[in-house]
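Asks: Quick one: this structure, given as structure tokens, is what I'll be asking you about.
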Amino acid sequence: MSFRTLALASACLLALGAGARADSTVTILHVNDNAGARAFWDTIAKDYEASHSGVKVEFKYLENEAFKAKLPTMLQSDDSRPSAFYSWGGGVMEAQVKAGFLKDITADVADVEKNLSQTADDAFKVDGKAYGVPWDTGGVPIFYNKKLFAKAGVKAEDIKTWDDFLAAIKALKAAGVTPIVVGAGEKWPMHFYYSYLVMRIGGAHALSDAKAGKDGGFKNATFVEAGKRLRELAALEPFQNGYLATSHQQSASTFGDGKAAMDLMGDWLLNMQSSSASDGKGLAEDDIGVMSFPTLPGGKGQASDILGGNHAFLVTKTASADAIDFLKFFSQEKYAKAAAEGGYYIPVYKGSEASIKDPIERQIATMLANTSYHQNFFDQDLGPSVGRVVNDISVAVAAGQMTPEAAAAAIQAAADQQ
Amino acid sequence: MTVATPYVEQRRRTNLNAWAAIVLFMPPALLLFTVFVFLPMAEASWYSFFNWNGYGRLERFIGLKNYGYVFEDPVFFRALINNGLIIVVSMLVQLPLAMGVSLLVAERTRDAVWFRLIFFLPYVLADIAAGLIWRFMFDGDYGLAAAITGLFGLQPVYLLASPDWAYSAILIVVVWKYFGFYMMLFVAGLQGVDKSLLESAEIDGASPSQKFFKVTLPLLGPMVRLAIFFSVVGSLQLFDIVAAITAGGPFNTTHTMVSFLYYFGITRMRVGYGSAIGVVLFIISVAFAFGYKRLVMRDD
């Protein structure tokens, strides 16, 4: 019922909104973006309209949670289905493909793909078929505070392995510095640790093998070992006080205020640490460093394997040829460079990292460009039902509330129920 | 026969009139009830038999498995206990508190009205806003909790990070937020109590506590029973405060039934599973509402 009324309501809204009718309208549903980025999208839409008369391109925005809640309904309604929409890929996209809401555009985008990052491009394929055009990528490095590292006599260059990392944490603690800040109240920030441990121990295919049920699925030794290592880290009490209730926002402000030495977080932390800091400025760029997650002894993963999100616009089944054409138009070097220069996002267009002005962001973009393997966020890759269980168990294992074995079994149980 | 005819005719006419009234007045109400109450309920029960993530058709019929998963889930039982705790705390702390305060402010004087307003204010606040304010107050680094521990030179306390204590924090907020509502109920009840009864009790030599327990409280009976009804229903509906303060954490120890439904059904896109939780919640609510009305409120 609620779905039906929602669909009806959104259909009415759309009918009201579509006052100016063009011959063909391309609507793109996007999640909320800042004003600068919105202006950027509008420019591209205007450029396209100018060179393609009779086509109107409209960007619509919904807040993140509202977007996720409304999309299933909108996709089912012939009236309110957008031509293309924002996607994190992974399990949700697979469900959309399976339900037949997306269009196979493999042939259309063949000439665009070669310019884009291979990993980002692959992230939006299901069984070798392309359903969207990626444009944004991201990575999760360890951000560190150079001043606090210096105070404790820790050198970032020396942190290569897990043991180096644990040693650094002990040194920071001994110097009276909170080693790590984590917003475990929202759970997903902690799942970055678990994810990286799985990647470093099991290598590139650890997650896809587990999903396919190989070698005991999620109950296999890699996932159990990752839990043990996470507990080993947490047993040193490296996190800020009360970390189990800390929100992501609070954790960013703690880092920005210089009250913790490290934060394993997505590239967006760079902006967020300054906007969330008590003084509104946060750490100076010169005081922030980024490094890769350490490798594990005997692990199959490499230091250059990176965790992070990719974002694309996926094309819906009823989208017109204009919609696909617009996405191809948008995937030009010109716009990728503009996005890089404006700092709106990290474009997937090859070579665009050189246009990024901010040195740290450029460093992350370079890590991404040179990555040996790019893994989508586990909770996106697995889809919400299993993904959120991974978030849950990451916190529970870290806090010693759950054994690594029980955690691995809980993920498998969720996968079985799916 | 001839005598009986007019009687039958009259019967038939009233029957016809009654039918006309039914045909005329029933459809709007029936339609609204069907569209907004019955259909959603029926649809939710239907969904609960499927493994469905909200995308595509209902294809994977799994019978009662979703219900099995609900009853296997320790978080569900924790949520059920948490709902029960709200009811217990409401009866042992919130309602007596509201009763006590209402006795103090039931007078029709200006001061009493001011205090009534002050005590009623938390109830007027939006739940989410109140939750966020309290979340900040409980913060061990910057909040009121930090100020208190700092004052006594104690170690900072992180109430919301403790699986043992986080739910107590929510109970505090629930008591604070809603006791004003019950106070108002009791004030209304007290103002309806016949003063002459209290006066005659006083003349007969009743002590103040005797006056309260033998006269006022029995006369407030319907209000108290109504207040208990509201507190149980409120407990079954509680969501916003949990979402704002803990979002169910740490380790899913602070969920209520509704937040459990939201975080495990909706945000995880397990529509079938969420529907099963909804049906269970619905059965509990209906059983309580009818049972309570029939057994406790039958004379009110």
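The values are calculated or read from the model by the stated rules, or taken from the named source; none is laboratory data. Computed from a prediction, not measured in an experiment: that's the story for all the values here. Glycine also receives a Cβ, built like all others from the backbone with ideal geometry; neighbour counts cover every protein chain displayed. All accessible areas refer to the heavy atoms of the entire protein, side chains included, with ligands and DNA or RNA removed. Shrake-Rupley method; radii C 1.70, N 1.55, O 1.52, S 1.80 Å.
Asks: Identify the trypsin sites (Lys or Arg not before Pro) of the stretch B:79-147 meeting these criteria: DSSP loop state and at most 11 other C-beta atoms within 10 Å of the C-beta.
Replies: Qualifying residues, ordered by number: B:108.
Asks: Average partner chain C-beta neighbours within 10 Å, per residue of B:265-272?
Replies: Mean partner-chain Cβ count within 10 Å for B:265-272: 5.
Asks: Over the stretch B:65-295, calculate the relative contact order: mean separation of alpha carbon pairs under 8 Å at least 6 apart, over the residue count, as a percent.
Replies: Answer for the stretch B:65-295 is 30 percent.
Asks: Further question: Compute the Kirkwood hydrodynamic radius of the protein assembly as shown, taking the inverse of the mean of 1/r over all pairs of distinct Cα atoms, and give it in Å to one decimal.
Replies: Hydrodynamic radius (Kirkwood, Cα only) of the protein assembly as shown equals 29.2 Å.
Asks: Of the lysine pairs in the stretch B:65-295, how many meet both conditions: Cα atoms under 29 Å apart, and a spacing of 8 or more in sequence or different chains?
Replies: 5
Asks: Further question on the same structure: Could you tell me the center-to-center distance, by alpha carbons, between the stretch B:173-230 and the stretch A:209-238 in angstrom?
Replies: 59
Asks: Post the alpha-carbon centroid distance, the stretch B:102-128 to the stretch B:12-32, in whole angstrom.
Replies: After rounding, the separation between the Cα centres reads 45 Å.
Asks: For the stretch B:112-165, report the accessible area per residue in Å² (1.4 Å probe, heavy atoms, rounded to an integer).
Replies: Per-residue value: 65 Å².
Asks: Further, regarding this structure: Taking loop as defined by DSSP and a crowding limit of 12 other beta carbons within 10 Å, which chymotrypsin sites (Phe, Trp or Tyr not before Pro) in the stretch A:64-99 fit?
Replies: In loop regions of the stretch A:64-99 (DSSP not H, G, I, E or B), there are no sparsely surrounded chymotrypsin sites (Phe, Trp or Tyr not before Pro).
Asks: Return one whole number: the accessible area per residue of the stretch A:197-269 in Å², for a 1.4 Å probe.
Replies: Per-residue value: 35 Å².
Asks: What whole-number distance in Å separates the alpha-carbon centres of the stretch B:74-88 and the stretch A:333-395?
Replies: For the stretch B:74-88 versus the stretch A:333-395, the Cα centre distance is 41 Å.
Asks: Continuing with this model, one more query. Quick check for me: using +1 on Lys/Arg Cβ and -1 on Asp/Glu Cβ, what's the dipole size of the protein assembly as shown about its Cα centre, in debye to the nearest 20?
Replies: Here the protein assembly as shown has a charge dipole of around 1640 debye.
Asks: What does the average come to when, for each residue of peptide A:238-246, you count the partner chain Cβ atoms lying within 10 Å of its Cβ?
Replies: That average works out to 6.
Asks: Can you compute 3J(HN,Hα) from phi for each residue in the stretch B:61-71, using the Karplus curve 6.51 cos²θ - 1.76 cosθ + 1.60 with θ = phi - 60°, rounded to whole Hz and x for Gly and Pro?
Replies: Once rounded to whole Hz, the list reads 6, 10, x, 9, 4, 4, 5, x, 4, 4, 7.
Asks: Something else now. Considering only protein heavy atoms and a probe of 1.4 Å, how much of the accessible area of chain A is carbon and sulfur, as a whole percent?
Replies: 50
Asks: I'd like the mean, over residues of A:384-390, of how many other protein chain beta carbons sit within 10 Å of each residue's own Cβ.
Replies: 4
Asks: Rank A:102, A:71, A:148 by mean-square fluctuation in a GNM of chain A with C-alpha springs under 10 angstrom and give only the top-ranked residue.
Replies: The residue that fluctuates most here is A:71.
Asks: Let me ask something else about it. Ignoring ligands, DNA and RNA and using a 1.4 Å probe, state the total buried accessible area between B and A in Å², rounded to the nearest 100.
Replies: Using a 1.4 Å probe, the pair buries roughly 2600 Å².
Asks: So for chain A, what are the equivalent ellipsoid semi-axes in whole Å, largest first, each being the square root of 5 times an eigenvalue of the Cα gyration tensor?
Replies: Equivalent ellipsoid semi-axes, largest first: 37, 25, 20 Å.
Asks: Computing the accessible area with a 1.4 Å probe over protein heavy atoms, can you report the carbon and sulfur percentage for chain B?
Replies: Carbon with sulfur: 71 percent of the solvent-accessible area.
Asks: If you project the alpha carbons of the stretch B:65-295 onto the principal axes, what extent comes out on each, in Å, largest first?
Replies: Cα spread of the stretch B:65-295 along its principal axes, largest to smallest: 65, 52, 25 Å.
Asks: Restrict the search to the stretch A:341-393; then list the trypsin sites (Lys or Arg not before Pro) that DSSP places in a loop and that have at most 16 other Cβ atoms within 10 Å of their Cβ.
Replies: Loop-located and lightly packed - A:350, A:357.
Asks: Between residue B:18 and residue A:122, with labels modelled 7 Å along Cα→Cβ, what's the label distance in nm to one decimal, could you check?
Replies: Those two pseudo-labels are separated by 7.6 nm.
Asks: Where both residues lie in the protein assembly as shown, what percent of DSSP beta bridges are antiparallel, nearest 5?
Replies: 60
Asks: Sticking with this structure for a sec: Please give the peptides A:241-248, B:237-244 ranked by average Cβ packing (other Cβ atoms within 10 Å per residue), highest first, as a rough proxy for protection.
Replies: A:241-248, B:237-244
Asks: Rolling a 1.4 angstrom probe over the protein heavy atoms, how many square angstrom per residue are accessible across the stretch A:270-348?
Replies: With the other protein chains kept in place, the stretch A:270-348 gives 38 Å² per residue.
Asks: How many percent of all Cα-Cα pairs in the stretch A:364-418 sit more than 13 Å apart?
Replies: Here the tail beyond 13 Å accounts for 64 percent of pairs.
Asks: Based solely on its DSSP helices, what 222 nm [θ] is calculated for chain A when runs of n ≥ 4 H residues each add -39,500 (n - 2.57) and the sum is averaged over all residues, nearest 500 deg cm²/dmol?
Replies: Using -39500 (n - 2.57) per qualifying helix, the result is -15000 deg cm²/dmol.
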